[in-house]
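Q: Could you have a look at this structure, given as structure tokens, before my questions?
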Amino acid sequence: MDGLHEAASSKDVVHIHGKLFESRCASDCGRPAFADHNSYPAGELPRCACGALVRPNVCWFGEQPYQLDRIYDALEGCDTFIAIGTSGSVQPVASFVTMLKQRPQPARTVFLGLTEPANVRYFDEVHLGAAAELVPALLQSRMESK
Ligand SMILES: [Zn+2]
């Protein structure tokens, strides 16, 4: 949600939790999310032209994450699933690995992170450590094995 993937040149990023540096109308008036460079006066709540409040374009706890259809489509065609740095305890994301292991042809599942996730039993491989070290090492080993 913080744009760091784009800053690192990642392509085709799915912002399941939204974009922190965008705002959107709190109602569904049809106004698209927008880069918000406004400075709002203290004590005044920002409002959309429709009169509803303006809020950050992010998914808060209890709300439906964004682009789930796109994610489920990607999971259907997934043969290797790599989770990096997740707690494995927040739904629906924590169930992605479960779904992949329960398919007729389960995907290979890999976890990389500092501590074991709550759903660790669904991962075929668990590598504990800093993602900055584990991700390049994993990609290098996968490229060498091809
Ligand atoms: Zn609005």
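Q: So the check is Cβ under 8 Å with 6+ separation or different chains; which pairs have a first residue in the stretch 1-24 that's under 20 Å from Y72 (Cα atoms) and among the small types (G, A, S) and a second one that's open to solvent by 80 Å² or more (accessible area, probe 1.4 Å) and assigned to a loop (DSSP other than H, G, I, E, B)?
A: G18/M1
Q: Turning to a different aspect of this structure: If D79 passes every condition in (1) open to solvent by less than 50 Å² (accessible area, probe 1.4 Å); (2) over 23 Å from S27 (Cα atoms); (3) not β-branched (V, I, T) but one, which one does it miss?
A: Going through (1) open to solvent by less than 50 Å² (accessible area, probe 1.4 Å); (2) over 23 Å from S27 (Cα atoms); (3) not β-branched (V, I, T) one by one, D79 breaks only (1).
Q: Ok, one more. Any chance you could count how many residues in the stretch 1-30 are out of contact with any Phe, Trp or Tyr (no Cβ under 8 Å at 6 or more places or on another chain), within 16 Å of the ligand (Cβ to nearest atom) and either modelled with pLDDT of 95 or more or open to solvent by less than 80 Å² (accessible area, probe 1.4 Å) (or both)?
A: Summing the residues that are out of contact with any Phe, Trp or Tyr (no Cβ under 8 Å at 6 or more places or on another chain), within 16 Å of the ligand (Cβ to nearest atom) and either modelled with pLDDT of 95 or more or open to solvent by less than 80 Å² (accessible area, probe 1.4 Å) (or both) in the stretch 1-30 gives 5.
Q: Go through (1) away from the ligand (no atom under 16 Å from the Cβ); (2) without any contact (Cβ under 8 Å) to a residue 40 or more places away in the chain; (3) open to solvent by 40 Å² or more (accessible area, probe 1.4 Å) one by one and return the number of the condition V93 breaks.
A: (2)
Q: When both residues are 6+ apart or on different chains and their Cβ atoms are under 8 Å apart, which pairs have a first residue that lies in the stretch 25-45 and is without any contact (Cβ under 8 Å) to a residue 24 or more places away in the chain, and a second that is more than 8 Å from the ligand (Cβ to nearest atom) and assigned to a loop (DSSP other than H, G, I, E, B)?
A: N38/P46; Y40/P46
The values are calculated or read from the model by the stated rules, or taken from the named source; none is laboratory data. These figures come from a predicted structure and were not determined experimentally. Methodologically, a virtual Cβ is constructed for each residue, glycine included, from the backbone with ideal geometry; neighbour enumeration extends over all protein chains shown. Only protein heavy atoms, including side chains, enter the accessible area calculation; ligands, DNA and RNA are left aside. Shrake-Rupley method; radii C 1.70, N 1.55, O 1.52, S 1.80 Å.
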